[in-house]
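The structure's right below; bear with me while I get my questions together.
The values are calculated or read from the model by the stated rules, or taken from the named source; none is laboratory data. Bear in mind that the values here come from a model prediction, so they are computed numbers and not experimental data. Neighbour counts are summed over all protein chains in view; Cβ atoms, including those assigned to glycine, are modelled from backbone coordinates with ideal geometry.
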């Protein structure tokens, strides 16, 4: 079973390893560490058999949630880890008051695009030459009703354990 919990400082090395395996221009360890003190950021890690196999980062600003990064260790792809993280992120976003969620995805990343469509994301824009490493454009996706998507996909909860106690509902969140 996959377990999802809030990322901690001790997880940054493993998250960075996944980041470097997944992206041409990965975030640095320092950037990931700084997100832990960003008052609008929420980072989740997925564990399988005690090993961190994926993560999701997002910012919750007022009633919107922006996914900053999501990645799965290549050895654990196509096993539902990304789906689990996305669903858990939506639940956490809803918990912290977000009703909609947005993200950018590479125009050539068809696998990720298909996952997002399954979770009611729709294209709302396009960012030309968004990715500096390749000059590739980004498709801007939105889910405008997180609570509905969570409700419609509630059966996913049976496939993982979300450790709610690792998230705190802080009053200083924007």
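A quick yes/no check of all residues on (1) within 13 Å of residue 76 (Cβ to Cβ); (2) in contact with a strand residue (DSSP E or B) (Cβ under 6 Å, 6 or more places away or on another chain); (3) surrounded by 13 or more Cβ atoms within 10 Å (Cβ to Cβ); (4) modelled with pLDDT of 95 or more:
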position: 4; (1), (2), (3), (4): no, yes, yes, yes
position: 12; (1), (2), (3), (4): no, no, yes, yes
position: 18; (1), (2), (3), (4): yes, yes, yes, yes
position: 33; (1), (2), (3), (4): no, no, yes, yes
position: 41; (1), (2), (3), (4): no, yes, yes, yes
position: 48; (1), (2), (3), (4): yes, yes, yes, yes
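Just to be sure, is residue 56 in contact with a strand residue (DSSP E or B) (Cβ under 9 Å, 6 or more places away or on another chain), surrounded by 18 or more Cβ atoms within 10 Å (Cβ to Cβ), within 21 Å of residue 130 (Cβ to Cβ) and touching a residue at least 24 places away in the same chain (Cβ under 8 Å)?
Yes.
Quick check on this structure: which one of 72, 105, 60, 53 is over 25 Å from residue 10 (Cβ atoms) and touching a helix residue (DSSP H, G or I) at 6+ places or on another chain (Cβ under 9 Å)?
105
Mind counting the residues in the range 21-30 that are surrounded by 15 or more Cβ atoms within 10 Å (Cβ to Cβ) and assigned to a helix (DSSP H, G or I)?
Counting residues in the range 21-30 that are surrounded by 15 or more Cβ atoms within 10 Å (Cβ to Cβ) and assigned to a helix (DSSP H, G or I) gives 2.
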